[in-house]
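Every read-out reported here was derived from the displayed coordinates using simple, explicitly stated rules and does not represent laboratory data. Being a predicted model, the structure only gives us computed values, none of them experimental. Cβ: placed from backbone, ideal geometry, glycine included. Neighbour counts: every protein chain shown.
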Amino acid sequence: MPDPFTAHRHAKPIQAEPVQTIAIAGGKGGIGKSIVAVNLAASLGASNHEVLLVDGDLEMGNIDQLLSLQPAHTLSDVVSGDRILGDILLQGPRGVTVVPSASGISKMARLSQIEHASLVGLFSDLHTSADTLIVDVATGLSESVVSFCRAVREVIIVVVDEPTAMRDAFATIKVLHETCRVRRFRIVTNKTESTRHGLDVYAALTQLTDNYMDVLLDYCGSIPSDPQLKLAVCQQKSVVEAFPRSPSALAFRKLGARVARWPKPQTPCGHIEFFVERLIQTAESTR
């Protein structure tokens, strides 16, 4: 495979402000993880944030489908050396720029740990004014999931009230805690019937993790079951755009407001990170 990671280098970032970096994970498919990622990005964009939404499912990406986008090139072309990262960016909802991934390209599932790290490193050279980066990681516990979660500061776990979803959320937390040393996980409950229902799901997951590991689960709210959210998905739009007064859109705006209050990183962590050069510049400017 050609080495695109050293063949093309952009200029330094246009600003030194650190970027909040978030991975959206969940373990199993069918829980609405990608829909949460899209609508969290849209809610932040609607609140005057600049968001970079990365489709981190390198083999079976679907963010472009959820937003009715038609990418000419994807991360597969970046990895192959045919394009640089800045070439593949797409305009999504207001304030959101999408980094599309491939779909049905098997070689993307076989990237090595070094190749994943090199891909993450390309974002330090990306000419963007984004203040938030959201990575919708793949389902399961592949190397790409671990690599992306290691490269971000915040991990959101999406969970629904199903035994298999709870089991897979627990497994995801366990692996990320053991391999990436993540100790704090942000929890979003999806497809809930009420606020109480969301809290009950969170409590059940907390009780499960408390029995086996020393981690903090921070409850960030719930997204209600909402026919208008399903309709927005069919229309290939975010519900924040399509039905801004719907129950789910209001819940996503509340989630976005909470995420916006999280403190931004100021120094590198000592491992591969997105936009690490900005963190270095920020750290040096405070000396």
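Count Lys and Arg as plus one, Asp and Glu as minus one, and take only other residues whose Cβ is under 12 Å from that of ILE63; the net charge is then -3.
Cross-link check: pairs LYS28/LYS191; LYS107/LYS191; LYS230/LYS254; LYS191/LYS264 evaluated at a Cα-Cα cut-off of 26 Å; pairs beyond the cut-off: LYS107/LYS191; LYS191/LYS264.
Per residue, how big is the convex hull around the C-alpha atoms of the range 36-96? Give it to me in cubic angstrom, could you? Spell out each step's value before the answer.
Details: hull volume 4.7 nm³, N = 61.
Residue-normalised Cα hull volume stands at 77 Å³.
Select one label from (1) 18.8, 58; (2) 27.6, 106; (3) 17.9, 53: the one whose number is Rg and Dmax of the Cα atoms in Å as derived from the coordinates shown. So the structure-derived entry is (3). Karplus-based coupling profile of the range 140-148, in residue order and whole Hz: x, 10, 6, 4, 5, 4, 4, 5, 5, with θ = phi - 60° in 6.51 cos²θ - 1.76 cosθ + 1.60 and x standing for Gly or Pro. Sequentially through the range 219-225, phi angles give Karplus couplings (6.51, -1.76, 1.60; θ = phi - 60°) of 6, 10, x, 10, 10, x, 4 Hz, Gly and Pro residues having no value and appearing as x. In the neighborhood of SER34, defined by Cβ-to-Cβ distances under 13 Å, what is the net charge if each Lys or Arg adds +1 and each Asp or Glu adds -1? After counting each charged neighbour, the total is -2. The packing ranking, built from the mean of other Cβ atoms within 10 Å per residue, places the peptides 119-125, 40-46 in the order 40-46, 119-125, highest first.
The long axis of helix 195-210 is offset from the longest Cα principal axis of the chain by roughly 70 degrees. Under 5 Å from the amide H of THR128 lie the amide H atoms of ILE14, each residue being 5 or more positions distant or on a separate chain, with H modelled from the backbone and absent for Pro and chain starts.
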